[in-house]
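**Q** One structure follows; several queries about it will come next.
Nothing in this text is a laboratory measurement; each read-out follows from the coordinates by a stated rule. Just so it is clear, the structure is predicted and the values come from calculations on it, not from any experiment. Every residue, glycine among them, receives a Cβ derived from its backbone with ideal geometry; neighbour counts consider all protein chains shown.
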Ligand SMILES: C[S@@+](CC[C@H](N)C(=O)[O-])C[C@H]1O[C@@H](n2cnc3c(N)ncnc32)[C@H](O)[C@@H]1O
């Protein structure tokens, strides 16, 4: 359990005299506390401490390991974590379509697969903060069931379709070129969505095609069909040792839109580590869970290689084995 200084929280538990100069008072919130708007905007201690000369210490739950990939089964690892300890979850589970993973059997009876899906979803929602965001990637085979399963569990904000180029060719039916990305929040009124972040926005047709003076110079928010290429076997970006690596650009859009710097991003099916790379590159803290020890080791190396700042921490990741 880490402690954070909360200068503006009315129900702090104990008083401290000095807070670290670089403490962010607005980088994570108590589940039931809505911060005043100016404190969200001014993310530094000094600016936030204007309304009161005292500072309060409040315990903010955190996962036992941050900037680590935990080796183990998500259903065994997450129940040991405190409730409400991560800000954003991106889950890209096996789709039960017979992919070849080194440890996981991806051909299970449908009912068994769905029961397992409900269990890991609940485990993720338990560790997600009350104002947290939950993304689930899923294929056509189970998208409808997962959508229905989420009713009463979280609120859908967007049903994004990832349209990928460089899909596989079919001979006797139309080629599949999409995956479903469900965007849920725990609380329909309280969540992070960085609509003004220039890295989230894209140029509009008014700007690009029509040279229209009325165009918003900041561009527009992306539509809910996203085109990103699959990471094919021949691509430089492809790690080569994992069967379903996602593009980092896609994960960066999600991380930038749905979390703030310093917050914690969880990927419960870390795979090749794409979500963790996207989080680390954008100054978020990150934590992954992965069943395969080999993937853990290689993904840790990937995070270290692609994000110089995470190098030291990522290097020791493979030693954190709990499963
Ligand atoms: C679809 S892949 C994730 C790919 C990832 N998004 C990426 O870009 O590399 C699913 C991953 O979940 C892992 N996995 C399967 N069952 C698991 C479990 N019970 N707990 C943790 N990881 C699991 C598999 O080993 C596989 O690496």
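**Q** Looking at the square roots a ≥ b ≥ c of the eigenvalues of the Cα gyration tensor of region 199-265, which shape do they give, rounded for a/c under 1.5, prolate if a/b is larger than b/c, or oblate? Before the final figure, lay out each step's value.
**A** Values: a/c = 3.58, a/b = 1.63, b/c = 2.19.
It comes out oblate by the Cα gyration axes.
**Q** Further question on the same structure: How much length is gained on full extension from residue 196 to residue 116, taking 0.36 nm per residue of separation minus their Cα-Cα distance?
**A** On the way: separation 80, 0.36 × 80 = 28.80 nm, distance 3.74 nm.
Full-extension gain reported as 25.1 nm.
**Q** Take the alpha carbon atoms of region 204-243, find their center, do the same for region 122-174, and report the distance between the two centers in whole angstrom.
**A** About 20 Å separates the Cα centre of region 204-243 from the one of region 122-174.
**Q** When a/c reaches 1.5 or more, the comparison of a/b and b/c decides; with that in mind, is region 168-303 rounded, prolate or oblate per its Cα gyration tensor?
**A** oblate
**Q** Take peptides 102-111, 272-281, 197-206, 121-130 and line them up by average Cβ neighbours within 10 Å, highest first, as a rough protection proxy.
**A** Going from most to least packed, we get 272-281, 121-130, 197-206, 102-111.
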